[in-house]
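Coordinate-derived values only; no laboratory data. Only a predicted model underlies this, so the values are computations on that prediction, with no experimental measurement involved. We place every Cβ from the backbone using ideal geometry, glycine too, and count neighbours over all the protein chains shown.
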Amino acid sequence: MKKLLITAIALLAGMTAANAQKIKGSDTCLPLSQKEAEVYMKANPSAVVTVTGGGSGVGISALMEGTTDIAQTSRRMKFNEKQKIQQNGDQVKEVVIAYDALAVVVHPSNPVTNLTREQLEGIFTGKITNWKQVGGPDMKIIPYSRETSSGTYEFFKESVLRNRNYMNGIMSMPATGAIIQSISQTKGGIGYVGLAYLNGSVKPIHVSYDSGKTYTEPSVANAKNKTYPIVRPLYYYYMAHSTDQVKPFIDYVLSPKGQAIVQEIGFITVK
Amino acid sequence: MKKIRKIFERIVESILTVSGALTTITILLITVFLFREGFGLFGSSEIEQGYRLCLNTANPVERLSSRQIMQVFDYQIENWQEIGGPDEPIVPFRFEEIFNYYSEEEMGADYELLPVRLGEYIAATPGIIAFVPEQYAPEGMEGVKVLHNDHISPADFFGGREWVPTATPAPQFGTLPLIVGTLLVSLVAILIALPLGLGVAIYLSELASDRMRGILKPAIELLAGIPSVVYGFFGLVVLVPLIQRVFNLPVGETAFAGSLVLAIMALPTIITVAEDAMRNTPRAMREASLALGATHWQTICRVIIPYAGSGISAAVVLGIGRAVGETMAVLMVTGNAAVMPHSLFEPVRTIPATIAAELGEAPAGGAHYQALFMLGCILFVITMLISVTSEMISKRQSNKGL
């Protein structure tokens, strides 16, 4: 009886949801949205959710042009993007679906465990060039960054570098996996990766945002209780006029079931 | 009957003509599109599109180079004195910061008071350089002046040494390190692959037994069928740590790693083409040489290689072409640092890798997007020069042969 009721509700929801919706944008959110869509479609056989990547910026411009229903982004919508939508006489809605923490990682043999934000800024902008300057051995620092197309690159620049530019000629890798691979084989390497990607081949650094008073280890628990500072929200954006269409899916993502998937993928839940 | 056949032939002929014409037109259109998008770059402004830089009127500075603007916003230049202004500390100001000084209510419901607030703030801060959206720029207000905004110049593009396309407010599009990086990696790759490839080609066509050739030839052709991403992965996991250990380097992702991977990738092309050219040497020529008393080795050196010269040069050119345009493998192993390389054992960034890595997020029509198209134009010109050269070489060779 209960099962029947659920299917009936799902069917109804599927019908009112005009059945098809498209999600486009950030590659960071891609695995999460895909998994959510997969499970959601299994629960609602009439619903069709297609998910594509391309980058946060791509998702937002697709939302403006109306070629997608939801834009998934790993950064907040920029002021001028919001302005553009308002000029067209539309309103955009924002939902935080999960949080993602960034971990700064070094080679496992590196004795340095603690770094302040100021030191990280110095390292990635090229002012600090030797591990000796931050309490390590006499060894050249080799900072690794993501490519400019990644939302992670932008977020790290905003949060850790306070909008300053990365040093000229920083090593830039096409994917998070490549960063881990390179750092695990480069003694002086340092880079940043999503928390979900951490494994034994690299060592996470404890970070301090209060000039060295407290250093926090990157972990899901610390990100959740807000003691770990390098955390960013992941967003879904949609147009106000299409609320009815996208609401069922977004509600599903925010439901306990959807948030369990968030945890499974390695992100941090909203609540 | 004859008539029908004639009509049929005419139809086939016209289909062939049309398809030829269509291909030519498509290629031409692609080229035109590439160059039109690329040259748009020199019409865009140095400061990010849709934004203005505003100063306090008390400041005598009228214009800044885009490099200076970047350094100002990176806090590398901290006093106006360094760039021809008064002795006054520079206060870089990004638009969003205005919300720290005024509440949302003070902006008005639809942000209509925003320009006024910005104007007030700029007029009250003598050392300010404010980066504001065009539509909110407090132009014409008392105490505010707009910094002169130049177009991106070809000299900056082709001669600049810094590639920082995401710098706001003034992105840097200096392509010199990218061009040098691409040429360096391809050149060294060819220097490694050419002797090896020619050696294998000579062995296969002249020395190897039929059974050996039967095993080696398909194996080499198989090498050409491996996707480039696999070569890249192999390079990253195997070659990069090896190079790092052997040469005792701080990083293994170097131009040399890229060259090695490219050399391996160019080998099959060079071997197959060169071997075919050598095997096409007429039997009469070999026998004439041997009959004159030349040894096997003298025949190879003096008769077969010169005869196959044009084929060998075609092999070299095809190899270079592959190396210059290769994207994925290089993207994975060269470290992609946009600096002028001083040696083979430093990271480099190549043109194809840059385009592949950055086009995804470059907003369509923006300066970054156009700069990437311009890089495509440079690549196009390089490969065209190579193929024209090869055409000329093979023409000269065949004339000499006659």
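Structural remarks
- Build a GNM of chain B with springs between Cα atoms under 10 Å apart, and of B:Val240, B:Val200, B:Val381 the one that fluctuates most is B:Val381.
- Three-way shape label, the stretch A:131-271, alpha-carbon gyration tensor, a/c 1.5: prolate
- Surrounding net charge for B:Leu249, when Lys and Arg each add one and Asp and Glu each subtract one, Cβ distance under 13 Å: +1
- Rounded if a/c under 1.5, otherwise prolate or oblate - the stretch A:68-170, Cα gyration tensor axes: prolate
- Local electrostatic count at B:Ile90 - Lys and Arg +1, Asp and Glu -1, tallied over other residues with Cβ under 10 Å: -3
- Farthest positive-ward along the stretch B:34-151 dipole, Cα basis, beta-carbon charges - from B:Gln81, B:Phe95, B:Asn56: B:Gln81
- Over chain A: helical MRE at 222 nm, DSSP H runs n ≥ 4 each giving -39500 (n - 2.57), nearest 500: -11000 deg cm²/dmol
- Pairwise Cα inverse-distance average, inverted: Kirkwood Rh of the stretch B:1-112 (Å): 20.5
- Rounded D (µm²/s) - the protein assembly as shown, Kirkwood Rh over Cα pairs, Stokes-Einstein at 10 °C, 1.306 mPa s: 55
- B:Leu55, A:Leu63 arranged by Cβ crowding within 10 Å, fewest neighbours leading: B:Leu55, A:Leu63
- Averaging the Cα positions of each part gives two centres, and for the stretch B:8-37 and the stretch A:48-82 these lie 37 Å apart.
- Partner lysines whose Cα lies under 26 Å from the Cα of A:Lys140, excluding those fewer than 8 positions away in the same chain, are identified as A:Lys127, A:Lys132, A:Lys157, A:Lys187, A:Lys203.
- Spin-label zone in the stretch B:325-341 - amide nitrogen under 17 Å from a point set 7 Å from the Cα of B:Ile226 along the C-beta vector: B:326-334
- Restricting attention to chain B, close to 70% of DSSP beta bridges with both partner residues there are antiparallel.
- Residues whose placed amide H lies under 5 Å from that of B:Trp163, excluding near-sequence neighbours: B:Gly174
- Burial ordering of B:His151, B:His368, fewest other beta-carbon atoms within 10 Å first: B:His151, B:His368
- Net dipole in debye of the stretch B:271-348 [+1 Lys, Arg Cβ; -1 Asp, Glu Cβ; about Cα centre; nearest 20]: 300
- Nearest-0.05 FRET efficiency for B:Thr17 and B:Ala284, computed from C-beta distance (R0 30 Å): 0.15
- Per-residue ellipticity at 222 nm, computed for chain B from helices alone with -39500 (n - 2.57) per DSSP H run of at least four residues, works out to -18500 deg cm²/dmol.
- Taking the number of Cβ atoms within 10 Å of each Cβ as an exposure proxy, the fewest-first ranking of B:Glu206, B:Glu287 is B:Glu287, B:Glu206.
- Taking chain A and dividing mean pair separation by its residue count, relative contact order in percent (alpha carbons under 8 Å, at least six apart): 26
- Those aspartates and glutamates that a straight Cα-Cα span of less than 18 Å connects to A:Lys84, excepting residues fewer than 8 apart in one chain: A:Glu65, A:Asp69, A:Glu94, B:Glu48, B:Glu96, B:Asp110, B:Glu112, B:Glu134
- Unit charges at the beta carbon, dipole of chain A: most positive-side option, A:Ala260, A:Tyr99, A:Val134: A:Val134
- Magnitude of the charge dipole, the protein assembly as shown, Cβ model with Lys/Arg +1 and Asp/Glu -1, debye to 20: 2940
- Local electrostatic count, B:Gly119, Cβ distance below 10 Å [Lys/Arg +1, Asp/Glu -1]: -2
- Positive-pole candidate from B:Ala353, B:Cys301, B:Pro227, dipole of the stretch B:219-374, charges at beta carbon: B:Cys301
- On the beta carbon distance between B:Glu88 and A:Gln87, with R0 = 60 Å, the FRET formula returns roughly 0.95.
- Per-residue Karplus couplings for the stretch B:129-138, computed as 6.51 cos²θ - 1.76 cosθ + 1.60 with θ equal to phi - 60°, are listed in order as 10, 9, 10, 10, x, 3, 5, 10, 4, x Hz, Gly and Pro entered as x.
- The stretch B:205-364, dipole about Cα centre (Lys/Arg Cβ +1, Asp/Glu Cβ -1), debye to the nearest 20: 520
- Amide hydrogen neighbours beyond the local backbone of B:Val144, cut-off 5 Å, H modeled: B:Thr57
- Under-5 Å amide H pairs with A:Gly126, H placed in peptide plane, nonlocal only: A:Met167
- Rounded is the label for the stretch A:159-238, because the ratio a/c of its alpha-carbon gyration tensor axes (a ≥ b ≥ c) stays below 1.5.
- Couplings for the stretch A:37-52, taken from phi via the Karplus curve 6.51 cos²θ - 1.76 cosθ + 1.60 with θ = phi - 60°, read 5, 4, 5, 5, 5, 5, 6, 10, x, 7, 7, 10, 10, 10, 10, 9 Hz in order; Gly and Pro are left as x.
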